[in-house]
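The values are calculated or read from the model by the stated rules, or taken from the named source; none is laboratory data. Since we're looking at a predicted model, the values are computed, not measured. Positions of Cβ are generated from backbone atoms using ideal geometry, with glycine treated the same way; all protein chains shown enter the neighbour counts. Accessible surface is based on the protein model in full, side chains and every heavy atom, while ligands, DNA and RNA are left aside. Shrake-Rupley method; radii C 1.70, N 1.55, O 1.52, S 1.80 Å.
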Amino acid sequence: MNHVQALIDAIGEGAVFALIAVGIGLVFGVLRLINFAYGQLIMVAAYALAFPGNWPDAASIGLAVLAAVVASLVMERIAFRPLRTADPSTMLVATFAIAYLLQNGALLQYTYRQQGGLGDSIGTLSGLNQAVTIGSLHIRWVTFLAIGAGLVSLGGLALILTRTSIGLQMRAASMDFRTARLLGVKADTVIMAAVAISGVLAAVAAVVLSISSTSVNPTTGFQETIFVLVGVVAGGIDRLVSATLGAFAIGFAIELVGTELPNSGATPFTSNVYMPSVIYLAVIVVLLLRPAGLFARRGQRTVERV
Amino acid sequence: MRGTKRWGLAVALALVVAIAVAAVGVTTASGAQSAGTIKLAYVADFTGQMAPFDNPALTAAKLEIKNVNAKGGVLGKKLVLLQCDTQNSKPDVSKSCVDNLVGQGAVIGLVTCDVDAATAAIQEFLNKNLLTVSPCIGTDQMGPKRFGAKGKLAFSFGNVAQDEGAAMAEYAYNVKHWKTAITVTDNVIVYFKNIVQAFTSRFKQLGGKIVDAESFTAGDKTISSVVSRVNSHKAAVIVTSDGFADWPTEFAGIRSLGNNTPIMNSWAGDGTYWYPKGTKVSNYWYVTYASVFGDDPSPQVKALIAQMKAIHQPPATGAFVQGSAAIDGIVAAIKSAKGSTTGSTLAAIMVKFHNLPTISGKVSFSPSLHSVFGRAYRVMEVQNSKPKFVQLYTTKKLGTL
């Protein structure tokens, strides 16, 4: 296959992962919480996209945003807030529990609908799954959308963080939460705002993912989130930009390695079946050489990796 | 603060109860055990990825049990079906299900339609020396090959992949005159892999050429590059065996690039539930056990579909007939064993089945193949998202793995 086509596909996958990383990075910045349940927010939004059937695209996207924001706020209220002062490992386990609870909830709804759990079809913005053909190259419109959405999300978040009062409070909270509270920053408001924004970003990710996957199932978003979290840590979790770049890098690498490795072979580096081994080996090497992350600033201290 | 703690405790308790209820959802189709009954334990995935295949098979099995019981049962004993949902084939839940139902007196096990998904339940049944039957596992691994000596008690009424893959190859080469093929293997389960292997061996044997062989593992996030690589080759047909989450992505992806090459799938691609909303499904062929679209050539199959529709459980895929066929096979074995339900006795009879008539066709087993071979397939064609039965096709020679 054309190597340029492989690069285009890799950029597309990287852009989707970067988009997911923005939401994860924001919550980590404010709450110091690695949210494994973020993928299930994407799943909730994707089910909302599938739910209305023949609604106009704008309406179903609106419903997806609403569903993801409500789900993220509920998650924060019933799970994260009571555990806010708990040990980070407790919070981490709680996010795992929520992820599996939501997955199983999605699975059980199929029982009542007496339908298989292979998933529900999504047709929102399905035209963007078509490709532009330039010579022998094919670029799907959704690739442009993923890149655009990633850049707009990152840029928009930067504007909120630097140009608004709530953004300023978020930054203060992320630097030193206790001192920020002593100076009048309302913890609940800041955290709810961050969580709500991450919900919006999860809905955007759900829209982008569902265009190419064309369906949602109980595991939608979960595998992506695992990969993205690895990328975020490898990139440098302490800064939104380095975390996003890390996620982009791992998405890019997965797609490129998967394409370039042959289909058969008995050991790593000889077959794309072993692609995860190759990727995780690369991540280990990166963390050994640059513990603070591949894109972290020189001299930046290593973040506590829970 | 105290109120918050109480509230938190209440939520935690609610979660624990919800998880506990979700963990083992056991239901029984009948009351307590009695001397005049034979209890069957159906441990399968009624909510997860295998549900489109397992649920219709379960419904058909229940209907067949009703028919058997209406005619006086098996040598005077009524069949009773106990069921338990493995919730997307979770191994721990599967084992709990088996222990629970066997504890309630079940003497024969039925399991989900894929050997990888069913392994935990199969092993648990086999460890209890019970005859273990799957309605539609489609590989030669349901037997001694995978489960060793204990596997002598394991059988499937599904078609073995060497037979199904060869049927696809023969139909492609001999009937459609497609001489070149691209294959796409999803490595996630052995059935998917075996179908493509059997197709490849038989297609090459017939003189066909595989111009490109792609593979991925469902969920590995490489499906878009697989689609791009498939699109960069020219062939008369694209052949796969897939029905899980990446399958609609693969199909829609290939078509979104303007590639209208015929695509051929195994029984895994049966049903319409996966049809992408934004893409017409056309130039698509697959083989299956029965057509659920009202045009199956068998009046018995049509009658069974009508029965299932009458109870508002229409089948999503053709595998439903296998639920009925599995019950027929179990009944035939128990009758031959003069009422014994001992696993080894029933298995010794079942392995000698040769052209046993069932609703899904004639069933044969052999010491090496505990899954069905030589049964006629329904070849289906889909154009403009409308599936239709094309013809029956019986494999002339098995493929190899």
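Below is a table of values for the structure above.
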{"item": "Check on B:Leu392, farther than 20 Å from B:Pro52 by Cα and in contact with a Pro (Cβ under 8 Å, 6 or more places away or on another chain)", "result": "yes"}
{"item": "The one condition in (1) assigned by TED's automatic domain parsing to the domain that holds B:Leu110; (2) touching a Pro at 6+ places or on another chain (Cβ under 7 Å) that B:Asn283 fails to fulfil", "result": "(1)"}
{"item": "Filtered residue count, region A:49-73, keeping only those that are touching a residue at least 60 places away in the same chain (Cβ under 8 Å), open to solvent by less than 40 Å² (accessible area, probe 1.4 Å) and under 18 Å from A:Asp120 (Cβ atoms)", "result": "7"}
{"item": "Residue ID - nearest to A:Val65 (Cα to Cα), chosen from residues in region A:3-44 that are of a type in the set (Val, Ile, Thr) and more than 9 Å from the chain's Cα centre (by Cα)", "result": "A:Val44"}
{"item": "Sole residue being within 29 Å of A:Val241 (Cβ to Cβ), at pLDDT below 90, small (Gly, Ala, Ser) and under 23 Å from the mean Cα position of the chain (by Cα), chosen from A:Ala180, A:Ala206, A:Ala158, A:Ala149", "result": "A:Ala158"}
{"item": "Flag for A:Ala94 being within 14 Å of chain B (Cβ to nearest Cβ), surrounded by fewer than 23 Cβ atoms within 10 Å (Cβ to Cβ), assigned to a loop (DSSP other than H, G, I, E, B) and hydrophobic (A, V, I, L, M, F, W, C)", "result": "no"}
{"item": "Residue in region A:145-159 that is part of a loop (DSSP other than H, G, I, E, B), open to solvent by less than 30 Å² (accessible area, probe 1.4 Å), hydrophobic (A, V, I, L, M, F, W, C) and touching a Leu at 6+ places or on another chain (Cβ under 8 Å) present", "result": "no"}
{"item": "Which numbered condition B:Ala213 misses (of (1) among the aliphatic types (A, V, I, L, M); (2) facing chain A (nearest Cβ under 7 Å); (3) in a helix (DSSP H, G or I))", "result": "(3)"}
{"item": "Residue within region A:19-40 that is within 14 Å of chain B (Cβ to nearest Cβ) and in contact with a strand residue (DSSP E or B) (Cβ under 9 Å, 6 or more places away or on another chain) present", "result": "no"}
{"item": "Per-region count, region B:341-350, residues crowded, with 18+ Cβ neighbours inside 10 Å and either under 20 Å from the mean Cα position of the chain (by Cα) or assigned to a loop (DSSP other than H, G, I, E, B) (or both)", "result": "2"}
{"item": "Filter result (at positive phi and either in contact with a Pro (Cβ under 7 Å, 6 or more places away or on another chain) or of a type in the set (Asp, Glu) (or both)) within region B:313-367", "result": "none"}
{"item": "The lone exception for B:Ser225 - which of (1) more than 25 Å from the chain's Cα centre (by Cα); (2) touching a residue at least 12 places away in the same chain (Cβ under 8 Å); (3) open to solvent by less than 10 Å² (accessible area, probe 1.4 Å) it fails", "result": "(2)"}
{"item": "Hey, B:Val379 open to solvent by less than 60 Å² (accessible area, probe 1.4 Å), at pLDDT 95 or above and either assigned to a loop (DSSP other than H, G, I, E, B) or closer than 19 Å to B:Leu206 by Cβ (or both) or not", "result": "yes"}
{"item": "Condition check for A:Gln115: at pLDDT below 85 and either more than 8 Å from chain B (Cβ to nearest Cβ) or open to solvent by 40 Å² or more (accessible area, probe 1.4 Å) (or both)", "result": "yes"}
{"item": "Looking only at region A:41-59, and only at residues there that are of a type outside the set (A, V, I, L, M, F, W, C) and not in a helix (DSSP H, G or I), the one that is modelled with the lowest pLDDT", "result": "A:Gly53"}
{"item": "Test: residue in region A:21-40 that is touching a Phe, Trp or Tyr at 6+ places or on another chain (Cβ under 9 Å), among the charged types (D, E, K, R) and at pLDDT below 95", "result": "yes"}
{"item": "Check on B:Ser366, surrounded by 19 or more Cβ atoms within 10 Å (Cβ to Cβ), under 14 Å from B:Ser156 (Cα atoms) and among the hydroxyl-bearing types (Ser, Thr, Tyr)", "result": "no"}
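Let's see how each residue does on (1) at negative phi; (2) without any contact (Cβ under 8 Å) to a residue 12 or more places away in the chain; (3) surrounded by fewer than 18 Cβ atoms within 10 Å (Cβ to Cβ):
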{"residue": "B:Thr200", "(1), (2), (3)": "yes, no, no"}
{"residue": "B:Gln205", "(1), (2), (3)": "yes, no, yes"}
{"residue": "B:Glu214", "(1), (2), (3)": "yes, no, no"}
{"residue": "B:Asp220", "(1), (2), (3)": "yes, yes, no"}
{"residue": "B:Val230", "(1), (2), (3)": "yes, no, no"}
{"residue": "B:Lys234", "(1), (2), (3)": "yes, no, yes"}
{"residue": "B:Thr249", "(1), (2), (3)": "yes, no, no"}
{"residue": "B:Ser256", "(1), (2), (3)": "yes, no, no"}
